[in-house]
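The values are calculated or read from the model by the stated rules, or taken from the named source; none is laboratory data. A quick note: this is a predicted structure, and the numbers were derived from the prediction, not measured. Neighbour counts run over all protein chains shown; Cβ positions are idealised from the backbone, glycine included.
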Amino acid sequence: MAAAAQQAKAKAGAGTGEFRVTTAPGIDLFARFERPETPKGTVLVVHGVGEHSGRYGNLQKTLVNEGWSWYGFDLRGHGQSTGRRVHIDRWDDYVNDLQRVYDEVRSHAGEGKVFVYGHSMGALITATWAAFRRPTVWGTVLSAIPLVPTLEVPKAKVTAAKILSRVVPTLALANEVNPAHLSRDASVGKAYLLDPLVERKATVRWGAEILGAIAAMNARSAELEIPSLIVHGDKDPIAASVGSIELHKKAAAKDKTVHLYPGALHEVHNELDPERKKLFADVLAWLEARR
């Protein structure tokens, strides 16, 4: 679809739509949106590793019902976007893509503030973008940011990934995500396993790059100055909530808030109630206070 047609479709008013954003040679990102009649503002969602923007229906419905436009996109190598599956040459590939999509969404959305909601790896991408690039963004929601990963990855595999990333960077290995660790709602894990757009492998270069990004964010947490809501399930078995607590302590942002959800696992937005309802209430209240 030509750029002009994309923009016309995305600016069509209330309703849903899809468009694509080219961010680099051979990289064509799939994006989708839903907008109410008179939006209060816009939330752009950045998803986690191996998944895609279509897994955020609960958040999408909540935001749109409360008057917010929702945009989501599939990261390169994920979902309906192009690119080698779950592979990057460098972490900045993700950060550059986010900046490009964010600029496009600001143009599509029209008036109103735009916030970015990143989950898991998406939260790490959002945080490094916000802290190190200092973009013009009104605020970020960082969900289950993996600053202290708790996945049981064998040390030998980590060492091998660092070495192999220089020798055979596109070698794909199974990731360590256990679908049962996403939510206490068993249907979430089952849907994840059956989803044809979910990728359960990642390249060794991707592994080395995310480890580097985690180290950089932990070392430079104080550079996060953008208003941020940090949310995390306190029983998350994939990324320990202590990482979110430490980020909140170290971030230089004057406007920063952290919420933990007792008993919740990795995807609080897909959790059982009351934790899911509490998360959505917290997010909506935070957005409302800043629009």
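A few remarks follow.
- In the set (1) within 24 Å of Tyr94 (Cβ to Cβ); (2) crowded, with 18+ Cβ neighbours inside 10 Å, Leu211 fails one condition alone, (2).
- Test: residue in the range 220-236 that is farther than 22 Å from Leu260 by Cα, surrounded by fewer than 17 Cβ atoms within 10 Å (Cβ to Cβ) and of a type outside the set (Val, Ile, Thr): yes
- Close pairs from the range 277-290: first closer than 14 Å to Thr140 by Cα and touching a residue at least 60 places away in the same chain (Cβ under 8 Å), partner among the acidic types (Asp, Glu) and surrounded by 14 or more Cβ atoms within 10 Å (Cβ to Cβ), Cβ under 7 Å, at least 6 apart: Leu284/Glu66
- Failed criterion for Thr136 (all others in (1) in contact with a helix residue (DSSP H, G or I) (Cβ under 7 Å, 6 or more places away or on another chain); (2) modelled with pLDDT under 95 hold): (1)
- Inside the range 90-99, residues that are surrounded by fewer than 17 Cβ atoms within 10 Å (Cβ to Cβ), out of contact with any Asp or Glu (no Cβ under 8 Å at 6 or more places or on another chain) and in contact (Cβ under 8 Å) with a residue 12 or more places away in the chain make up a count of 1.
- The range 242-262 - residue that is touching a strand residue (DSSP E or B) at 6+ places or on another chain (Cβ under 7 Å) and in a loop (DSSP other than H, G, I, E, B) and, of those, surrounded by the fewest Cβ atoms within 10 Å (Cβ to Cβ): Ala253
- Annotation note: of Thr126, Thr203, the sole residue that is at pLDDT 95 or above, surrounded by 16 or more Cβ atoms within 10 Å (Cβ to Cβ) and β-branched (Val, Ile, Thr) is Thr126.
- Consider the range 216-265 and keep the residues that are closer than 19 Å to Val116 by Cα and of a type in the set (D, E, K, R). The one that is farthest from the chain's Cα centre (by Cα) is Lys254.
- Verdict on Val64 being aliphatic (A, V, I, L, M), within 17 Å of the chain's Cα centre (by Cα) and in a helix (DSSP H, G or I): no
- Filter result for the condition that a residue is at pLDDT 95 or above, in a loop (DSSP other than H, G, I, E, B) and either touching a helix residue (DSSP H, G or I) at 6+ places or on another chain (Cβ under 7 Å) or farther than 28 Å from Glu271 by Cα (or both), over Gly77, Gly83: Gly83
- Of all residues in the range 252-276 being among the small types (Gly, Ala, Ser) and touching a residue at least 60 places away in the same chain (Cβ under 8 Å), the one that is nearest to Leu182 (Cα to Cα): Ala264
- Residue list for the range 34-56, filter: more than 21 Å from Arg200 (Cα to Cα) and either touching an Asp or Glu at 6+ places or on another chain (Cβ under 8 Å) or assigned to a helix (DSSP H, G or I) (or both): Lys40
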